Structures are given as C-alpha cells and as structure tokens.
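What follows is a short report on a single structure.
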Amino acid sequence: GYFYESYNHGRFSAAGIPDVFVQDNESKSAKGVLRGLHFQIPPYAQGKLVRVIKGAVLDVAVDLRKDSRDYGKWVSVILSEENKLMCWIPPRFAHGFLCLEDDTIFSYKCTQVYHKDSERSILWNDPDLGIDWQVSSPLLSAKDMEAPFFKNFITPF
C-alpha cells in the first residue's frame with residue numbers, strides 16, 4: 001500500500017496555485033485515447049490541477065495568453081501512478097492528454113465549474129502548434145476530430 005497527500009492548502013497556496021477548487025473530475029480511458037486540446041472562455045475559464053491515479057498519460061498545456069511571449073507554445077510531461085507528479089494548468093491555457101496505458105484514470109481539480117457554452121477546443125495535431133504527441137493515430141472523440149485550427153483561433157485572453 002501507500003499514503004499520498006494529493007492536496008495541501010498551505011503548500012499549494014505558497015506555490016501560487018489557487019486555494020479554491022469548485023469541481024473535481026475523473027475520467028477512465030484506454031491506451032491511445034487522446035483528449036484535448038480543451039479550455040473554457042471567461043467568465044468560466046478554468047485552472048486545473050491534474051494527476052493520474054492509475055496508468056500514465058502524456059499531459060500537454062498550450063499558452064493562449066495573447067500578451068505572453070510564450071503564446072502558442074506548449075509544454076508536456078508524463079504523469080503516472082508511479083511518479084505521482086501533478087501539473088498545474090492555469091486558466092488561459094488549453095489542455096490535453098494522451099493515455100499511455102489501458103484503464104488510465106485521470107483526475108483533475110478545477111477552479112471553475114464546467115460550462116458547456118464556454119467550452120472551446122483547438123485541433124490536437126494542429127501543424128502551427130507542432131505538438132509531439134508521440135502517436136500518429138490516436139483514438140479521438142468526434143468533438144476533438146472537428147476542433148478548429150489554432151490559426152483561426154481568436155484568443156479571449
């Protein structure tokens with residue numbers, strides 16, 4: 001067995017992560033499933049504290065802040081049940097992940113509730129972003145297959 005402290009108000013606040021989360025979400029996916037790139041627009045923009053409970057993912061965040069020197073740039077990290085890493089995805093970033101193992105359980109704490117009319121996405125394999133997903137044909141939802149290109153995106157951030 002093990003014991004794992006997944007949240008500590010004082011430590012996370014000291015690191016600049018908000019101390020109010022209003023919704024927790026969890027998904028279970030097969031190996032090869034890719035979800036993203038998702039975000040919500042104001043006033044429902046969400047920050048997400050993400051982690052893997054079981055399995056592993058390649059987790060990706062894309063900067064959507066128009067005044068940022070990193071606008072349109074992405075970062076990735078492997079999150080797994082073994083390494084117990086977490087990733088803070090601030091509001092104004094798009095987020096996606098690729099499941100690297102079957103039965104992967106992905107968990108995230110959100111700073112804002114899900115609001116369908118505020119939900120947006122960007123195409124996972126957009127050539128202008130050039131994200132290295134390390135896979136060429138992931139399993140995608142219809143919504144993610146039809147997401148718009150980054151060049152057609154007008155950021156509200």
Subject >> Those residues of region 109-137 which are closer than 13 Å to Arg51 by Cα and either open to solvent by 50 Å² or more (accessible area, probe 1.4 Å) or among the charged types (D, E, K, R) (or both), in sequence order >> reply: Lys109
Subject >> Enumeration of residues in region 71-86 that are touching a residue at least 60 places away in the same chain (Cβ under 8 Å) and within 15 Å of Ile53 (Cα to Cα) >> reply: Lys84, Met86
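With respect to Leu85, determine if the residue is open to solvent by less than 30 Å² (accessible area, probe 1.4 Å) and more than 9 Å from the chain's Cα centre (by Cα).
Details: open to solvent by less than 30 Å² (accessible area, probe 1.4 Å): no; more than 9 Å from the chain's Cα centre (by Cα): yes.
Judged against the criteria, Leu85 is not a match.
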Original post:
Does Asp102 satisfy the criteria of being without any contact (Cβ under 8 Å) to a residue 60 or more places away in the chain and of a type in the set (Asp, Glu)?
Top reply: no
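Scan region 108-121 for residues that are touching a residue at least 60 places away in the same chain (Cβ under 8 Å) and over 13 Å from Arg35 (Cβ atoms) and report the count. Let's see the steps before the verdict.
So in region 108-121, the residues touching a residue at least 60 places away in the same chain (Cβ under 8 Å) come out as 108-115, 118-121.
Now narrow it down to the ones that are over 13 Å from Arg35 (Cβ atoms): 109-115, 118, 120.
Of the residues in that region, 9 qualify.
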Original post:
Restricting attention to region 27-53, which residues are under 16 Å from Ser80 (Cβ atoms), among the polar types (S, T, N, Q) and open to solvent by 20 Å² or more (accessible area, probe 1.4 Å)?
Top reply: Ser27
Original post:
Can you tell which of Phe149, Phe93 is open to solvent by 60 Å² or more (accessible area, probe 1.4 Å) and aromatic (Phe, Trp, Tyr)?
Top reply: Phe149
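Here are Glu5, Glu26, Glu81: which of them is of a type in the set (Asp, Glu) and at pLDDT below 95? Give the steps one after another, and end with the answer.
Numbers: Glu26 fails: at pLDDT below 95; Glu81 fails: at pLDDT below 95.
Only one candidate passes the filter, namely Glu5.
Looking only at region 54-70, filter to residues that are surrounded by fewer than 16 Cβ atoms within 10 Å (Cβ to Cβ) and free of Cβ contacts under 8 Å to residues at least 60 places away in the same chain; which one of those is nearest to Leu98 (Cα to Cα)?
Taking region 54-70 first, the residues surrounded by fewer than 16 Cβ atoms within 10 Å (Cβ to Cβ) are 54, 65-70.
Then keep just the ones that are free of Cβ contacts under 8 Å to residues at least 60 places away in the same chain; that gives 54, 67-70.
Numbers: Lys54: 14, Asp67: 28, Ser68: 26, Arg69: 26, Asp70: 22 Å.
Across region 54-70, the extreme among qualifying residues is Lys54.
Which residue is least open to solvent (accessible area, probe 1.4 Å), if the candidates are limited to region 4-26 and must be assigned to a loop (DSSP other than H, G, I, E, B) and within 14 Å of Val113 (Cα to Cα)? Step through it out loud before you land on a result.
Just the residues of region 4-26 that are assigned to a loop (DSSP other than H, G, I, E, B), to begin with: 4-8, 15-22.
In the following step, the residues that additionally are within 14 Å of Val113 (Cα to Cα) were identified as 20-22.
On the way: Val20: 86, Phe21: 41, Val22: 78 Å².
By that ranking, first place goes to Phe21.
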Subject >> Wholly within region 44-157, strands (runs of 3 or more DSSP E) carrying at least 3 residues that are aliphatic (A, V, I, L, M) >> reply: 48-54, 56-63, 74-80
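The values are calculated or read from the model by the stated rules, or taken from the named source; none is laboratory data. In this text, all values refer to a predicted model and were calculated from it rather than measured experimentally. Don't worry about glycine lacking a Cβ; one is built from the backbone with ideal geometry, like all the others, and counts go over all protein chains shown. Quick note on the areas: whole protein, heavy atoms, side chains included, nothing else; ligands and nucleic acids left out. Shrake-Rupley method; radii C 1.70, N 1.55, O 1.52, S 1.80 Å.
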